[in-house]
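Participant: Submitted below is the structure of interest, expressed as structure tokens.
The values are calculated or read from the model by the stated rules, or taken from the named source; none is laboratory data. All of these numbers come straight from a predicted model, not from anything done at the bench. A quick note on method: Cβ atoms are made from the backbone with ideal geometry, for glycine too, and the neighbour counts reach across all protein chains shown. Heavy atoms of the whole protein, side chains included, go into the accessibility calculation; ligands, DNA and RNA do not. Shrake-Rupley method; radii C 1.70, N 1.55, O 1.52, S 1.80 Å.
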Amino acid sequence: MAGGQAWVVHKFGGSSVADATCFKRVAEIIGARRGERLGVVLSACKGVTDQLYEAVRRAETRESAADVLQGLTARHTEIAEALLTKASAAAYLDEFANDIRNVEGILRTVELTRAAAGNVRDLIVGFGEIWSTRLFARFIAETGVKDVRWVDAREAVVVEWGPLGPSVDWALSQQAVNRLGLREAPGPLIITGFVASDKNGVQTTLGRNGSDFSASIFGKLLGAKEIDIWTDVDGVLSADPRRVPAPETIDALSYNEAMELAYFGAKVIHPQTMSPAVESKIPIRILNTFNPDAAGTLICAEPKSSHPVKGITSIENVALIDLEGAGMIGVPGTAHRLFGALREAGVSVILISQGSSEHSICCAVPGDQVDRAAKATREAFEREIATGQIQSVEVDRELSILAVVGDGMAGTPGVAANLFGALARASVNVRAIAQGASERNISVVVDAASTSKALRAVHAAFYLSPHALSVAVIGPGAVGSALLDQLASQTARLRSQFNIDFRFKAIASSKRALFSDSTLKLEDWRGQLERDSQVSDLARVIEHVSSAQTPHRVLIDCSASEDVARIYADLFARGVHVITANKKAGSADIAYFQQMQDKRRASGAHFLYEATVGAGLPILQTLHDLRETGDEVAGVEGILSGTLAFLFNSYNGEVPFSEVVKDARQRGYTEPDPRDDLSGLDVARKLIILAREMGLKLELKDVKIESLIPAALKEVSVDEFMARLSEFDGEMKQRYAAAKANGRVLRHVGRVNAKGEASVGVIEVEPTAALANSALTDNVVRFQTRRYHSNPLLVQGPGAGPEVTAGGVFADLLRLSAYLGARM
């Protein structure tokens, strides 16, 4: 290595040196960088520091720590024998055994005193880094790396502990580094992390995350050009992957952004550990030991990144203290007294929010300090509370703080709107808000129970992850099966093109149900339903989709069940969106219909039901758009049943009507019991849905329904109905002949006007009219409005069939995704 080259300091955490395989992986990473001057800082092997702390705890309570030390010996022996030559392993293990004897001697002293002084504890737990670095130095030397030098950080780093933690004495530390000749060393330095010495030469540590601090310290002492922190993730993630599915790896962060994210709990190196690098403007790169080819995250003074928002993170177990009173307005020193009282009580203030009226001051504190904070606040303002100048000191518990962080937020319009819009769409209530003048951070306080939902909703809103919707499908019959097949074929494309992530949580029929905590694979949903399903339980389906942690949850109802329709109000109350092809809810009694709408509005849930009228045709959307744009709808009429459309398009007076019904049934155009179609009730339900979309409060009993079921056949079996229907062919033949004599044709039509007059039945229409010229199962709907008066607006197309009905439901699902923020 050229002596004039700048140093690069690499730090590997405990998970990177967990076992022999991990050590080999680290050696490969170092071997690939032989053209650099390398400083390599290692943590103790994963879990070793905790085991050493446990040994100290046991000694303090006079419990035996022998099994802990035996476990440490066995583990390091296994790694050494797997990595080193026999002679080198023996030499290493001799040193290790001597260290263990020293530890045992120190622990015996601790047992006698029943207390471990800080320096004693530091001495014991510091052995973890000594063991891992000694082992690694021997190993890479045996792989052919030349001039390897083991560095005991206790000889180079001098620190003094104070109220804010360890503070480096840079002058003494630099003198030590110069005395040891480390900056001039040609080969790699293998450096113990975590440990250091005080000014008296007594061993100490750098505290938790101390190895990261060690890397930053040596980066400054060696004048490094870069510090690489190797972990078990591909870089700094935009959110906690335990809370947010598939977060992104942030390409670059400023030092300030990294510090903000670290403060709010993100998996970034601690702000204090970064400080030496920040002072010297040394870039820090976060890399993955287990995926070394990943680009990682660069932390530097002036990063170049396309993300205005770099991360969304949270602090858990938070409480709010709210000091409120008219006597505070315009009175100087109120905030000083409040925060002074909290300081004296040893309470850490995480967030502050105050309205410009000065009527209240709200601050967030750790949940375990809130009782102390409330007591201190009440004591500080005891006189004002007694005289009524302060009305209350309120405490809200079980809260979390969600923070959105990014330098690019400054001066970027719409960031706050995007944040609060996402929270509103996810039905997350915001309890308090804070934003610094730098605009680098917007923080909101939310209920703890909403934390995951809030994180996912906001993360999706800023396009750092797909828009996730938890989906449950009820009714995998003809329509439901077609829908699931359509979703299976398009889900990957929708995720790739539009960042929409459908999480299929449940598929349920009236008898069987299939559940998943993550997502069902729709490619084999039939097989899964057959193999893995359980007895269907509607209550469990509701609970399962309602409790999903995605920002948005939707139930899709492809059944015709009254029982399912009756759960919509409960779903809306829980903030679950509903998409349905089931007409029973939209045509239910007006009291229940109004209850559904009230709960939907209160929760912000969406109700989409285009497929209940006209399958995939845009009938309800057209009617909605007409009204919302100020048009006045005088009336709607049309052929609203694909089955009845087929019957009257096919019937010519020559073939008996009963034979036409049989043919339609054989083709699958009717319900299993054709009376469900011939009764007119299905069309009446559609007419009620249209009427309510017009703003009318009609009930089914208000619709005049002409049934085509002969009175004598209403209560018989299906088979008997089909066998005897021919007995009544004469009645329909007479009607057909009368219409033909009038120069007209028969059609089954539903009508409703603005006066609330509604009817369903067979009428005569002119052969040139639009209602007379539909094909097979076409629906034809005619809108007569103020704008479309002389030439009514028509919507026509296939109004029946599983594929087109499923397509209408699918379109509603995509429409819902767009309402929730997806860019379609």
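Participant: Within segment 171-207, track down each residue that is β-branched (Val, Ile, Thr) and part of a strand (DSSP E or B).
Facilitator: The answer is Ile190, Ile191, Thr192, Val195, Thr204, Thr205.
Participant: Would a scan of segment 410-427 turn up a residue that is of a type in the set (Lys, Arg), touching a strand residue (DSSP E or B) at 6+ places or on another chain (Cβ under 9 Å) and either under 30 Å from Asp251 (Cβ atoms) or open to solvent by less than 60 Å² (accessible area, probe 1.4 Å) (or both)?
Facilitator: yes
Participant: Could I ask something else about it? Within segment 215-259, restricting attention to residues that are aromatic (Phe, Trp, Tyr) and under 34 Å from the mean Cα position of the chain (by Cα), which residue is surrounded by the most Cβ atoms within 10 Å (Cβ to Cβ)?
Facilitator: So, considering only residues that are aromatic (Phe, Trp, Tyr) and under 34 Å from the mean Cα position of the chain (by Cα), the one surrounded by the most Cβ atoms within 10 Å (Cβ to Cβ) is Trp230.
Participant: Is there a residue in segment 506-527 that is within 20 Å of Ile542 (Cβ to Cβ), among the small types (Gly, Ala, Ser) and open to solvent by 50 Å² or more (accessible area, probe 1.4 Å)?
Facilitator: Scanning segment 506-527 turns up at least one residue that is within 20 Å of Ile542 (Cβ to Cβ), among the small types (Gly, Ala, Ser) and open to solvent by 50 Å² or more (accessible area, probe 1.4 Å).
Participant: Please count how many residues of segment 354-372 are at pLDDT 90 or above and closer than 10 Å to Leu338 by Cβ.
Facilitator: Residues flagged as at pLDDT 90 or above and closer than 10 Å to Leu338 by Cβ within segment 354-372 amount to 1.
Participant: When the residues of segment 536-550 are filtered to those that are more than 22 Å from Asn582 (Cβ to Cβ) and either among the hydroxyl-bearing types (Ser, Thr, Tyr) or touching a strand residue (DSSP E or B) at 6+ places or on another chain (Cβ under 7 Å) (or both), which remaining residue is surrounded by the most Cβ atoms within 10 Å (Cβ to Cβ)?
Facilitator: Thr550
Participant: I need the full set of residues from segment 119-149 which are open to solvent by 10 Å² or more (accessible area, probe 1.4 Å), of a type in the set (D, E, K, R) and not in a loop (DSSP other than H, G, I, E, B), in order please.
Facilitator: Arg121, Asp122, Arg134, Arg138, Glu142, Arg149
Participant: Oh, and also: For Arg37, state whether it is on the phi < 0 side of the Ramachandran plot and surrounded by fewer than 20 Cβ atoms within 10 Å (Cβ to Cβ).
Facilitator: no
Participant: With at pLDDT 85 or above, among the aliphatic types (A, V, I, L, M) and touching a Lys or Arg at 6+ places or on another chain (Cβ under 7 Å) as the only criterion, which of Leu287, Leu323, Leu253 stands out?
Facilitator: Exactly one residue qualifies, and that residue is Leu253.
Participant: Right, something else. Restricting attention to segment 631-644, does a residue exist that is among the aliphatic types (A, V, I, L, M) and touching a Gly at 6+ places or on another chain (Cβ under 6 Å)?
Facilitator: Yes, some residue in segment 631-644 is among the aliphatic types (A, V, I, L, M) and touching a Gly at 6+ places or on another chain (Cβ under 6 Å).
Participant: Tally time: how many residues in segment 68-90 are in contact (Cβ under 8 Å) with a residue 24 or more places away in the chain and either touching a helix residue (DSSP H, G or I) at 6+ places or on another chain (Cβ under 6 Å) or of a type outside the set (Lys, Arg) (or both)?
Facilitator: Residues flagged as in contact (Cβ under 8 Å) with a residue 24 or more places away in the chain and either touching a helix residue (DSSP H, G or I) at 6+ places or on another chain (Cβ under 6 Å) or of a type outside the set (Lys, Arg) (or both) within segment 68-90 amount to 12.
Participant: Any idea how many residues of segment 156-190 are more than 15 Å from Ala215 (Cα to Cα), at pLDDT 90 or above and over 45 Å from the mean Cα position of the chain (by Cα)?
Facilitator: 10
Participant: Pick out the one residue from Arg285, Arg243, Arg337 that is farther than 30 Å from Leu38 by Cα, basic (Lys, Arg) and not in a helix (DSSP H, G or I).
Facilitator: Exactly one of Arg285, Arg243, Arg337 is farther than 30 Å from Leu38 by Cα, basic (Lys, Arg) and not in a helix (DSSP H, G or I), namely Arg243.
Participant: Please pick out the residue among Ser305, Ser314, Ser280 that is of a type in the set (Gly, Ala, Ser) and more than 30 Å from Ile500 (Cβ to Cβ).
Facilitator: Ser280 is the lone residue from the list that is of a type in the set (Gly, Ala, Ser) and more than 30 Å from Ile500 (Cβ to Cβ).
Participant: Looking only at segment 652-680, filter to residues that are part of a loop (DSSP other than H, G, I, E, B) and among the charged types (D, E, K, R); which one of those is surrounded by the fewest Cβ atoms within 10 Å (Cβ to Cβ)?
Facilitator: That would be Glu654.
Participant: Restricting the search to segment 74-94, which residues are out of contact with any Cys (no Cβ under 9 Å at 6 or more places or on another chain), part of a helix (DSSP H, G or I) and among the aliphatic types (A, V, I, L, M)?
Facilitator: The answer is Ala74, Ala80, Ala82, Leu83, Ala87, Ala89, Ala90, Ala91, Leu93.
Participant: Can you name every residue in segment 690-708 that is under 30 Å from Arg627 (Cα atoms) and either of a type in the set (S, T, N, Q) or not in a loop (DSSP other than H, G, I, E, B) (or both)?
Facilitator: Selection gives Leu690, Ala691, Arg692, Glu693, Leu700, Lys701, Asp702, Val703, Lys704, Ile705.
Participant: In segment 376-409, how many are open to solvent by 60 Å² or more (accessible area, probe 1.4 Å) and more than 22 Å from Val318 (Cβ to Cβ)?
Facilitator: Final tally of qualifying residues: 8.
Participant: Then there is this: Tell me, yes or no, whether segment 623-645 has at least one residue that is more than 30 Å from Phe420 (Cα to Cα), under 37 Å from the mean Cα position of the chain (by Cα) and assigned to a helix (DSSP H, G or I).
Facilitator: For segment 623-645, residues more than 30 Å from Phe420 (Cα to Cα), under 37 Å from the mean Cα position of the chain (by Cα) and assigned to a helix (DSSP H, G or I): present.
Participant: Take Glu344 and decide whether it is open to solvent by 40 Å² or more (accessible area, probe 1.4 Å), more than 35 Å from the chain's Cα centre (by Cα) and either closer than 19 Å to Ile385 by Cα or not small (Gly, Ala, Ser) (or both).
Facilitator: Against the criterion (open to solvent by 40 Å² or more (accessible area, probe 1.4 Å), more than 35 Å from the chain's Cα centre (by Cα) and either closer than 19 Å to Ile385 by Cα or not small (Gly, Ala, Ser) (or both)), Glu344 qualifies.
Participant: Might you let me know whether segment 600-616 holds any residue that is assigned to a helix (DSSP H, G or I) and more than 30 Å from the chain's Cα centre (by Cα)?
Facilitator: Yes: one or more hits.
Participant: If you take the residues of segment 95-118 that are of a type in the set (A, V, I, L, M) and part of a helix (DSSP H, G or I), which of them is farthest from Leu135 (Cα to Cα)?
Facilitator: Leu112
Participant: In addition: Any chance you could count how many residues in segment 307-319 are open to solvent by 10 Å² or more (accessible area, probe 1.4 Å) and in a strand (DSSP E or B)?
Facilitator: Selection size over segment 307-319: 5.
Participant: Here's something else I'd like to know. Just to be sure before I move on: is Arg25 closer than 16 Å to Val233 by Cβ and either open to solvent by 60 Å² or more (accessible area, probe 1.4 Å) or part of a loop (DSSP other than H, G, I, E, B) (or both) in the structure I sent?
Facilitator: Considered against the rule, which asks whether it is closer than 16 Å to Val233 by Cβ and either open to solvent by 60 Å² or more (accessible area, probe 1.4 Å) or part of a loop (DSSP other than H, G, I, E, B) (or both), Arg25 comes out as yes.
Participant: Something else now. Confirm whether Arg553 is crowded, with 22+ Cβ neighbours inside 10 Å, basic (Lys, Arg) and in contact (Cβ under 8 Å) with a residue 60 or more places away in the chain.
Facilitator: For Arg553, the condition - crowded, with 22+ Cβ neighbours inside 10 Å, basic (Lys, Arg) and in contact (Cβ under 8 Å) with a residue 60 or more places away in the chain - is met.
Participant: Mind listing whichever residues of segment 592-610 are aliphatic (A, V, I, L, M) and modelled with pLDDT of 95 or more?
Facilitator: Met596, Leu608, listed by residue number.
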